[in-house]
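Peer 1: Please see the structure below; I have some questions.
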Amino acid sequence: MGDELRSTITEDALDRQLREAAPYIHDDGFTARVLACLPPPQRESRSIRSAILIGLTLLGSALASMLTDSGRFIVVDLVRLAQMPFASVLIMTFAIGLLAISGALVAAMAKLQDIRT
């Protein structure tokens, strides 16, 4: 723990010294010459990308709807769920909730382990 604290203090001191150093290092115009030689930045056409993404989304949605008989299976499953006894729905809901919480805990523990290393 002492080494980590000493390392943090050293890093903070180094960071402060670098920030307080000269804001610009004189290079006899080298940076300006290099920037002048670079091609001008090109603007991305976001409208074309957006149109492509929207078009592919609509195409995928239409294809999914055709392949699944216009989502009829969703209605069939909802009717089947409505006809189940309340206790079964409650147990199923509880089990799904436990699975979701377990997955979140596993993800949080993995993230914590990444932070510690």
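The values are calculated or read from the model by the stated rules, or taken from the named source; none is laboratory data. As the structure is a computational prediction, the values presented were derived from the model and not from experiment. We place every Cβ from the backbone using ideal geometry, glycine too, and count neighbours over all the protein chains shown.
Peer 1: Kindly check whether there is at least one residue in the range 88-105 that is of a type in the set (Gly, Ala, Ser), more than 28 Å from the chain's Cα centre (by Cα) and assigned to a helix (DSSP H, G or I).
Peer 2: There is at least one residue in the range 88-105 that is of a type in the set (Gly, Ala, Ser), more than 28 Å from the chain's Cα centre (by Cα) and assigned to a helix (DSSP H, G or I).
Peer 1: If I filter the range 39-50 for residues that are assigned to a helix (DSSP H, G or I), surrounded by 10 or more Cβ atoms within 10 Å (Cβ to Cβ) and either touching a Leu at 6+ places or on another chain (Cβ under 6 Å) or not basic (Lys, Arg) (or both), do I get at least one hit?
Peer 2: Yes, the range 39-50 contains at least one residue that is assigned to a helix (DSSP H, G or I), surrounded by 10 or more Cβ atoms within 10 Å (Cβ to Cβ) and either touching a Leu at 6+ places or on another chain (Cβ under 6 Å) or not basic (Lys, Arg) (or both).
Peer 1: Quick check, is Gly103 on the phi > 0 side of the Ramachandran plot and either out of contact with any strand residue (DSSP E or B) (no Cβ under 7 Å at 6 or more places or on another chain) or of a type outside the set (Gly, Ala, Ser) (or both)?
Peer 2: Spelling it out, it is not the case that Gly103 is on the phi > 0 side of the Ramachandran plot and either out of contact with any strand residue (DSSP E or B) (no Cβ under 7 Å at 6 or more places or on another chain) or of a type outside the set (Gly, Ala, Ser) (or both).
Peer 1: Give the range 55-77 a look and list any residue that's surrounded by 10 or more Cβ atoms within 10 Å (Cβ to Cβ) and hydrophobic (A, V, I, L, M, F, W, C), or say none.
Peer 2: Of everything in the range 55-77, those that are surrounded by 10 or more Cβ atoms within 10 Å (Cβ to Cβ) and hydrophobic (A, V, I, L, M, F, W, C) turn out to be Leu56, Leu58, Leu59, Ala62, Leu63, Ala64, Phe73, Ile74, Val75, Val76.
Peer 1: Look at the range 1-29 and say how many of its residues are at pLDDT 80 or above and loosely packed, with under 10 Cβ neighbours inside 10 Å.
Peer 2: 2
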